[in-house]
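Heads up, the thing below is written out as structure tokens.
Nothing in this text is a laboratory measurement; each read-out follows from the coordinates by a stated rule. Small disclaimer: the values here were computed from a predicted structure and weren't measured. All Cβ positions, even for glycine, are placed from backbone atoms using ideal geometry, and neighbour counts span all protein chains on display.
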Amino acid sequence: MRYKFHNFVDALQVALDAWYFSRYGTERKGEKLKPEVMALFLRDVDGWANMFFGKADEEAMDTINKNINYNTLEVGNE
């Protein structure tokens, strides 16, 4: 059985693979990425995502992003 969430996860994997290839010029080949590489991916995706949302959405995402530790990928409680 496939759930709707599977489509979302599959799309994220495709996006990650495409981003990795465009940044490093080689295929990811399913390998687990280091936290600092994932932080770069999240930073880059956040920049593009803000182009497709309204001002209120952008402000909400900015609030969340201020609570992300990009070294550990942990999110604060604020």
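Structure data summary
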item: Inter-label distance for ASN65 and VAL45, nm, one decimal - labels placed 7 Å from Cα along Cα-to-Cβ; result: 1.4
item: Proximal lysines to LYS55, defined as alpha-carbon separation beneath 24 angstrom and excluding residues fewer than eight positions away on the same chain; result: LYS66
item: Sequence-distant residues sharing a close amide H with ILE68 (under 5 Å, placed H); result: GLY76
item: Eligible aspartates and glutamates near LYS34 by straight Cα distance, threshold 16 Å, same-chain separation 8 or greater; result: ASP17, ASP44, GLU74
